[in-house]
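The values are calculated or read from the model by the stated rules, or taken from the named source; none is laboratory data. Keep in mind the model is a prediction, meaning the values are calculated, not measured. Cβ sites come from the backbone with ideal geometry, for glycine too, and all protein chains shown count toward neighbours.
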Amino acid sequence: MILVEHLSFAYPDGRSALNDVSFRVAKGETVGLIGPNGAGKSTLLLHLNGLLGVPRQAGRIQVADLAVEAANLPEIRRRVGLLFQDPDDQLFSASVGEDVAFGPQQFGLAPEAIPARVAAALVEVELPGFEARVPHHLSLGEKKRVCLAGVLACAPEVLVFDEPTANFDPRGRREFIALCRRLPATKLVASHDLEMIVALCDRVLVLDGGRLVAQGPTREVLGDEPLMLEHGLEKPHSLLHTHPHGLART
């Protein structure tokens with residue numbers, strides 16, 4: 001579902017953010033993306049639906065059967081739904097219903113079909129009947145669910161999450177993890193919440209300094225304490241008594 005080959009990227013000021021990154025994500029997989037601050041995680045996520053343009057320095061990206069290139073960007077952005085870390089970066093309409101409807105409107109859904117699509121998306125994120133609510137009056141958890149509803153209303157094949165549980169209280173975090181687990185789409189989840197990665201992800205990619213330094217089954221990679229410490233991370237408490245084997249370092 002996702003193919004990234006030899007992707008390198010530098011920002012206009014010359015700062016290198018990604019260096020020869022290659023990986024694949026199969027249809028239906030939930031894959032974690034971890035690494036210290038500045039590793040390049042957010043930059044990588046933004047490339048998956050062309051928000052930083054098409055690959056300029058080197059490499060290629062393909063989502064399903066479409067290359068991330070200029071002619072395909074409208075369809076890529078329908079297929080790849082991105083949930084930002086801060087919901088206030090994603091909410092901009094006067095009501096929840098208008099916000100959730102925005103994506104389907106832009107992608108050409110028939111006007112008469114939009115209310116049903118909005119209602120179904122809100123049911124999917126467990127906020128039925130929220131159409132008339134004002135987004136900036138909502139709690140953090142509700143805002144994130146509304147953002148997710150806006151993404152789901154576009155019927156994406158791939159969901160990309162940037163720190164989905166950041167600043168949640170324990171109950172909100174548990175509920176959001178359970179909600180994410182129920183979603184059938186292919187998922188790529190970038191987070192510092194390593195316990196969430198253990199609970200949600202089948203496999204994990206480790207980025208550091210813009211390079212992919214390890215990948216493999218989640219419990220094996222995150223259970224490798226020397227690897228985690230080497231790249232500015234810590235072994236999750238839930239894995240303190242596990243022992244790694246069979247890691248694929250890159």
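For the stretch 95-110, name all the residues that are touching a helix residue (DSSP H, G or I) at 6+ places or on another chain (Cβ under 8 Å) and over 23 Å from LEU183 (Cα atoms).
SER95
Would you be able to say whether some residue in the stretch 164-178 is touching a residue at least 60 places away in the same chain (Cβ under 8 Å), surrounded by 20 or more Cβ atoms within 10 Å (Cβ to Cβ) and either under 24 Å from VAL100 (Cβ atoms) or among the charged types (D, E, K, R) (or both)?
Yes - at least one qualifying residue is present in the stretch 164-178.
Considering the stretch 187-238 alone, what residues qualify as being of a type in the set (A, V, I, L, M), over 29 Å from ALA10 (Cα atoms) and surrounded by fewer than 21 Cβ atoms within 10 Å (Cβ to Cβ)?
Across the stretch 187-238, the qualifying residues are VAL198, ALA199.
Taking the condition out of contact with any strand residue (DSSP E or B) (no Cβ under 6 Å at 6 or more places or on another chain) and modelled with pLDDT under 95, does LEU109 pass?
Considered against the rule, which asks whether it is out of contact with any strand residue (DSSP E or B) (no Cβ under 6 Å at 6 or more places or on another chain) and modelled with pLDDT under 95, LEU109 comes out as yes.
Among the candidates GLY81, GLY59, single out the residue that is in contact with a Leu (Cβ under 6 Å, 6 or more places away or on another chain), part of a strand (DSSP E or B) and touching a residue at least 60 places away in the same chain (Cβ under 8 Å).
GLY81
Can you name the residue in the stretch 54-76 that is surrounded by 20 or more Cβ atoms within 10 Å (Cβ to Cβ) and modelled with pLDDT of 90 or more and is also farthest from HIS6 (Cα to Cα) among such residues?
By that ranking, first place goes to ILE76.
On the basis of being surrounded by fewer than 18 Cβ atoms within 10 Å (Cβ to Cβ) and at pLDDT 90 or above, does PRO115 make the cut?
Yes; evaluated as a whole, the condition is true for this residue.
Look through the stretch 21-38, keep the residues that are of a type outside the set (Gly, Ala, Ser) and more than 23 Å from THR186 (Cα to Cα), and return whichever of them is surrounded by the fewest Cβ atoms within 10 Å (Cβ to Cβ).
Here the answer is ASN37.
Report whether or not GLY246 is assigned to a loop (DSSP other than H, G, I, E, B), modelled with pLDDT under 90, under 29 Å from SER8 (Cβ atoms) and of a type outside the set (D, E, K, R).
For GLY246, the condition - assigned to a loop (DSSP other than H, G, I, E, B), modelled with pLDDT under 90, under 29 Å from SER8 (Cβ atoms) and of a type outside the set (D, E, K, R) - is met.
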